[in-house]
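Worksheet: the structure to be examined is printed underneath.
Read-outs throughout are calculated quantities, based only on the coordinates presented, and are distinct from any laboratory measurement. A quick note: this is a predicted structure, and the numbers were derived from the prediction, not measured. All Cβ positions, even for glycine, are placed from backbone atoms using ideal geometry, and neighbour counts span all protein chains on display.
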Amino acid sequence: MENNTILIKNALILNPNNFINKPQDILIKNDLISEISDEITDENVDKIIDATEKILLPGLVNTHTHLSMTLFRGLADDLSLDEWLNDNIWPVEANLNGYYCYIGALLGAVELIKSGTTTFSDMYFYMEDVAKAIEESGIRAVLSYGMIDFGDEEKRKAEIEENLQLYKNCHNTADGRIKVFFGPHSPYTASEELLKEVRKLADENNIGIHIHVSETQKEINDVSSEKGLRPFEYLDSIGFLGPDVVCAHSVWLSDNEIEIIKEKDVKISHNPCSNMKLASGIAPVSKLLENDICVAIGTDGASSNNNLDLIEELKTASLLQKVATLDPKVLTSDESLAMGTINGARALGLEDEIGTVEVGKKADLILIDTNSANMVPDSSNLSSNIIYSANGSNVDTTICNGQILMENRKLTTLDEQDIYKKAREALDELKKAI
Ligand SMILES: [Zn+2]
């Protein structure tokens, strides 16, 4: 990486649960935040950014995506998870290849950067092609290969090998921006043998795990009738759960399962828009937070959301808890902001590197323009301004690993129009192949 210094002048810094009510200067040296103070005068910086009338936040962390599925945005809507997957998504996915996944990931990366997400955790196929898109885009990612064996031994071996290859080829690549996790798809598509093998390999190699758990009532019924236990009870009974496991959705939870999640320090990725759109249910997020469980946020794939705007997702999370509990005091804007930043970092094991604006941490930062109709007048509570008033299009500048990926809403690493054109062509081809 080439040497690089950026000085951001006059920014209002909003950290989760901490706001300095006076503009600050921030000095970035290479990939790290090297100084924050009232005034930094440095003549020799490569670049100065004037952040007057802008709020500076840690880059947002999206803990559950299928980035290549951005290609399938709007392909099938208003259906149950079952019909959506079986009749619409899986037939198109059968014709996927590495190129389509690469284009889908580039399209997703454009949207993430433009809406202020600097880190995302992804589970899908052709992940080395996704890694290529990540390398080019400059964003940070945790990638996992979605392993499905349906109890078939040969398939199981091949799936595990695929994820291990991804680890060998991509972990810690792209200046350390890419990490690799295991991605067993779910307790109903991955066999007990596969889950146990993943646990063993995760322990041996210190690799995190990304999995869907307890998304729908149907899943609870299916797992319960097959295993005699609810999904989290079953996963606990085979020794699968631990602090390195990030569970997407986790909508249907018994009190006993919440106890298990807490005791095993399992991380939860809450995906409210996808859960609402597929009518899966409402995750008991405020109850999980009361139990000091780490709840992060995710958009899920754009085909069940249908966008990757994390600010919108955080607002939805907050409003959904309020209406579900009939208590407007739950999931405050401060708590929501923490879900989208430091909790996400913690879930991915990256809390020492990202999730807050702090000296010594990675320079993953975003600037939000407050000089916009939906942001005026400034609230005395900046997190309220961000969570309830803003949306992704208020993000003005996105920096990841010390590199500017967007400035004044113009991308620096990717050619937006070229990617839109290729994405449209790719979906046309995929649809023709059905
Ligand atoms: Zn998902």
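For Phe182, the residues whose modelled amide H falls within less than 5 Å of its own, excluding neighbours fewer than 5 places apart on the same chain, are Gly208, Ile209, His210. With a cut-off of 12 Å between beta carbons, the residues surrounding Lys410 carry a summed charge of -2, where Lys and Arg count +1 and Asp and Glu -1. Highest GNM mean-square fluctuation among Asp77, Asp300, Asp46, for the chain modelled with Cα contacts below 10 Å: Asp46. The C-alpha atoms of the chain define a longest principal axis, and helix 310-325 lies at about 60 degrees to it.
Centre-to-centre separation between the Cα atoms of the stretch 184-217 and those of the stretch 357-434: 32 Å.
Ordering Val92, Val359 by the number of other Cβ atoms within 10 Å of each residue's own Cβ, fewest first, gives Val359, Val92. The residues neighbouring Phe240, those whose beta-carbon lies less than 14 Å from its own, together hold a net charge of -3 under the Lys/Arg +1, Asp/Glu -1 convention.
For chymotrypsin sites (Phe, Trp or Tyr not before Pro), no site in the stretch 152-256 is both called loop by DSSP and has at most 16 other Cβ atoms within 10 Å. Taking amide H atoms as placed 1.01 Å from N in the peptide plane, the amide H of Thr173 lies under 5 Å from those of Ile178, each 5 or more residues away in sequence or on another chain. Once the Cα atoms are used to define both axes, helix 153-170 deviates from the longest principal axis of the chain by about 20 degrees. Search the structure for amide H atoms under 5 Å from the amide H of Ile139, placed 1.01 Å from N in the peptide plane, and list their residues when 5 or more places away or on another chain. Here the answer is none, since no amide H 5 or more places off falls under 5 Å of that of Ile139.
Short-range pairs are left out: with C-alpha atoms under 8 Å and at least six residues apart, the relative contact order of the chain is 22 percent. By the helix-only formula, in which each DSSP H run with n ≥ 4 contributes -39500 (n - 2.57) and the sum is divided by residues, the chain has a 222 nm mean residue ellipticity of -10500 deg cm²/dmol. Each residue of the stretch 126-136 was assigned a 3J(HN,Hα) from its phi angle through the Karplus expression (A = 6.51, B = -1.76, C = 1.60, θ = phi - 60°), giving 6, 6, 6, 6, 5, 4, 4, 5, 5, 3, 6 Hz with x at Gly and Pro.
The spacing between the stretch 77-97 and the stretch 16-30, judged by their C-alpha centroids, is 44 Å. Placing +1 on each Lys and Arg Cβ and -1 on each Asp and Glu Cβ, with no other charges, gives the chain a dipole about its Cα centre of roughly 440 debye. For the residues Ile211, Ile258, Ile238, a GNM of the chain with alpha-carbon springs under 10 Å puts the largest fluctuation on Ile238.
With neighbours defined as other Cβ atoms within 10 Å of a residue's Cβ, the residues Ser144, Ser383 order from fewest to most as Ser383, Ser144. For the chain, a Gaussian network of Cα nodes joined below 10 Å ranks Gly183, Gly74, Gly402 by mean-square fluctuation, and the top entry is Gly74. How many percent of DSSP beta bridges within the chain run antiparallel, rounded to 5? The antiparallel proportion sits near 45 percent. Along the stretch 378-383 the Karplus relation, 6.51 cos²θ - 1.76 cosθ + 1.60 evaluated at θ = phi - 60°, assigns HN-Hα couplings of 5, 6, 6, 10, 5, 5 Hz to successive residues, with x for each Gly and Pro.
The HN-Hα couplings worked out from phi for the stretch 258-274 by the Karplus form 6.51 cos²θ - 1.76 cosθ + 1.60 (θ = phi - 60°) are 4, 4, 4, 4, 5, 5, 8, 6, 6, 9, 10, 9, 7, 10, x, 5, 5 Hz, whole numbers, x standing for Gly and Pro. With respect to the chain, whose longest principal axis is taken over its alpha-carbon atoms, helix 217-227 is tilted by about 50°.
For the set Lys287/Lys322; Lys155/Lys196; Lys322/Lys362; Lys155/Lys277; Lys9/Lys54; Lys132/Lys168, the pairs lying more than 22 angstrom apart at their alpha carbons are Lys322/Lys362; Lys155/Lys277. Other residues within the sphere of radius under 15 Å centred on the Cβ of Asn17, judged by their own Cβ, net out at -4 (K and R +1, D and E -1).
If you filter the stretch 350-407 for GluC sites (Glu not before Pro), then keep DSSP loop positions with at most 12 other Cβ within 10 Å, what is left? For GluC sites (Glu not before Pro) across the stretch 350-407 that sit outside H, G, I, E and B with at most 12 neighbouring Cβ atoms in 10 Å, the list is empty.
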